[in-house]
Amino acid sequence: MDKENRSKEKRRLIDHRIFAPSILIMIAICVPFALYENESLKLLNSIFNQIVDILNWGYLWYAILMVAAGLYFSFSKYGNVVLGDPMEKPRFNLFEYSSILIAMGLGSTIMRTGMTEWGNVAVDPPFGVEAQSAEALMWGNAYSMFLWSFQTFAIFVMAAPALGYLVHVRKKPHMRISEACRSIFGDTFTDGIGGKILDVIFLVSILSGAAVTLGLGTPIVTYSLAEIFNIEITFGLTLIVTIVWVLFFSISAYLGIERGIKKLSTLNMYLAGIFAVFIMVAGPGVFILNYFTDSIGFLFTHYIDMSLNTNAVYPGESTHIQSNTVFWFAYNATWAMLHSVFAATISKGRTIREMILTYLLAPMLISWGATAVLGGLGVERYLSGELPVLDIIQEDAMAAIPAIISSLPFAIFAIAAFVVIAMLFMITTLDSTTYTIASYAGTRNMSKSEPSKNLRLIVAAIITVFSLLLMRIGGLAPLEVVSGIMGIPIIFVQFLTIYAAKKMMDEDRAWVNNVRKNKPRKQKK
């Protein structure tokens, strides 16, 4: 009988016990909110505003606690623990490893925030600063960098130690939150309804977050194509763009991590670097370097202000920084498990210290560079009077992106290059997202094999359909707020996984038994 059950499990592509409820919940969320967008958005915004008013301080401290946990795991005895056989080499070299994490960690979102976020702050600066002033511009670019700093990447990675240890050291077949919490709650909870609830929460948060992120990334491409070909932005154009990146994703998915995600990620790093050099040479390179230097200084000087700003003693409505920071951390929480599962998957052979510090530093430094170049270009165009950037951002933030890029020499080629880089980011984002969901919801033994390619295509189709449906009937905004609200239960799950990682390593004395041993020195004769 056991053999028969195992045979059925192998034939099944996906675990319907957690995947089917997640899809049903997504449909239940999307359909009414999409059909009644104005009413639902008003309701959800009121709920989220209440969360901001009540839990504003909590989100800020949550992000700081994630950084503290990351530093503790990195520099304590747990940092030496290897995720896998201590005698094996890591699966990827450091550049490949960093490139994959960067492609996963940033995606096309960095292109959007880098070019527009400074403007959102400049027109609504904090602490009574005059709007559109020089100081407001400094707050804008520094805040854009702050969004991609230690707190964000600590949120992304801190469930990874438990999940990586689970699969690579304990050789468990499934990299699931419920399985990671087995050491805390025991077998009855994990194998019962409690474990299923944890796994469904994970999948709903990831599916909604993926649909929103792809929905927000697509306009970067459609607006730029409309600028190149002087055409209107229609749903048909959105559909064509979606079909193209899903086609390329399908090819990458079938090639797997080694020939797919890895090669695309490293290629995108080179292309993005070349494009940044082009902007520096053809654009206001000296200004960008000066402004970047000033922004770094301003960021370091006001980092604590941004990290712990609740606007408590300033009367009136909250400023953009205060409300957006809470939403940003909440939205990041919905993506935390996705990033952690993927980071754990590709970190075989890495120590916990290497995994955490690479995720904290590599994407952050690249994003700061991207923000410096893209944001600096927009600010210079605004200050020189060449382009009314702030007016455009206030009217339609996405329209500012092609407008800023087209101010460069060889405008058509510059926008085309920008589109290619954005498309590659979208492909690698979808690639890693579907890989993670297929790993999580699939039935294959993740300690021995990669997830089913067919399952990845099915997951991609589901995410794409949700995203297109919401963009078609204007329902993306409600789901974006839902994604932020979904971060609340994920935060509690994250703390559980951090405790589970420590508990498992303590039980196994992993800091003694699963570390790299120094080779004995040869004795001199």
Ordering W511, W368 by the accessible surface of their heavy atoms, 1.4 Å probe, largest first, yields W511, W368
Using alpha carbon positions and the Kirkwood radius, the Rg to Rh ratio of segment 357-432 is 1.03
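Can you give the percent of C-alpha pairs in segment 117-214 whose distance is more than 23 Å?
On the way: 2430 of 4753 pairs.
When all Cα pairs of segment 117-214 are counted, 51 percent exceed 23 Å.
Given a 1.4 Å probe and every protein chain left where it sits, what share in percent of the accessible area of the chain is carbon and sulfur?
On the way: 13800 of 21730 Å².
The nonpolar share, carbon plus sulfur, comes to 64 percent.
About the Cα centre, and with charges only on the beta carbon of Lys, Arg (+1) and Asp, Glu (-1), how big is the dipole of the chain? Nearest 20 debye, please. Provide the component values of the computation, followed by the final result.
Working: 40 positive and 36 negative charges, 765 e Å.
Once rounded to the nearest 20, the dipole reads 3680 debye.
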Past 26 Å, Cα to Cα, is the threshold; run K172/K453; K172/K502; K263/K517; K262/K503; K172/K263; K262/K517 against it and keep the listed order.
-> K263/K517; K262/K503; K172/K263; K262/K517
Histogram of C-alpha separations across segment 349-394, 10 Å bin width, % | 24, 30, 20, 15, 10, 1
Once label points are set 7 Å from the Cα along Cα→Cβ at both A411 and V123, what is their separation, rounded to one decimal in nm?
-> 2.1
Taking a point 7 angstrom from the Cα of A131 along the C-beta vector, which residues in segment 380-411 have backbone N less than 15 Å away?
-> 389-396
First measure r as the distance between the Cβ atoms of N38 and D396, then evaluate 1/(1 + (r/R0)^6) with R0 = 22 Å and state the FRET efficiency to the nearest 0.05.
-> 0.70
A282 to I304: FRET efficiency via 1/(1 + (r/R0)^6), r the Cβ-Cβ distance, R0 41 Å, to the nearest 0.05?
-> 0.65
Per-residue ellipticity at 222 nm attributable to helices in the chain (runs of n ≥ 4 DSSP H, -39500 (n - 2.57) apiece, nearest 500 deg cm²/dmol) works out to -26000 deg cm²/dmol
How big is the convex hull of the Cα atoms of segment 385-471, per residue, in Å³?
-> 139
Using the Kyte-Doolittle scale, find the helices of the chain whose mean hydropathy is at least 0.5 and whose Cα atoms extend 20 Å or more along the helix's long axis, counting only whole DSSP H runs.
-> 16-35, 37-75, 193-229, 235-256, 262-282, 285-307, 320-346, 352-383, 411-441, 453-472, 476-508
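First measure r as the distance between the Cβ atoms of V31 and K517, then evaluate 1/(1 + (r/R0)^6) with R0 = 51 Å and state the FRET efficiency to the nearest 0.05.
Values: r = 57 Å, r/R0 = 1.11.
It comes to 0.35.
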Label-point gap, in nm, between I54 and F189 - each point 7 angstrom along Cα→Cβ | 2.4
Over the C-alpha atoms of the chain, what are the Rg and the largest Cα-to-Cα span, Dmax, in Å?
-> 22.9, 84
Segment 270-418: Kirkwood hydrodynamic radius (Cα pairs, Å) comes out at 18.2
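The values are calculated or read from the model by the stated rules, or taken from the named source; none is laboratory data. None of these values were measured; they are calculated from a predicted model. Methodologically, a virtual Cβ is constructed for each residue, glycine included, from the backbone with ideal geometry; neighbour enumeration extends over all protein chains shown. Surface areas here come from the heavy atoms of the whole protein model, side chains and all, with no ligands, DNA or RNA. Shrake-Rupley method; radii C 1.70, N 1.55, O 1.52, S 1.80 Å.
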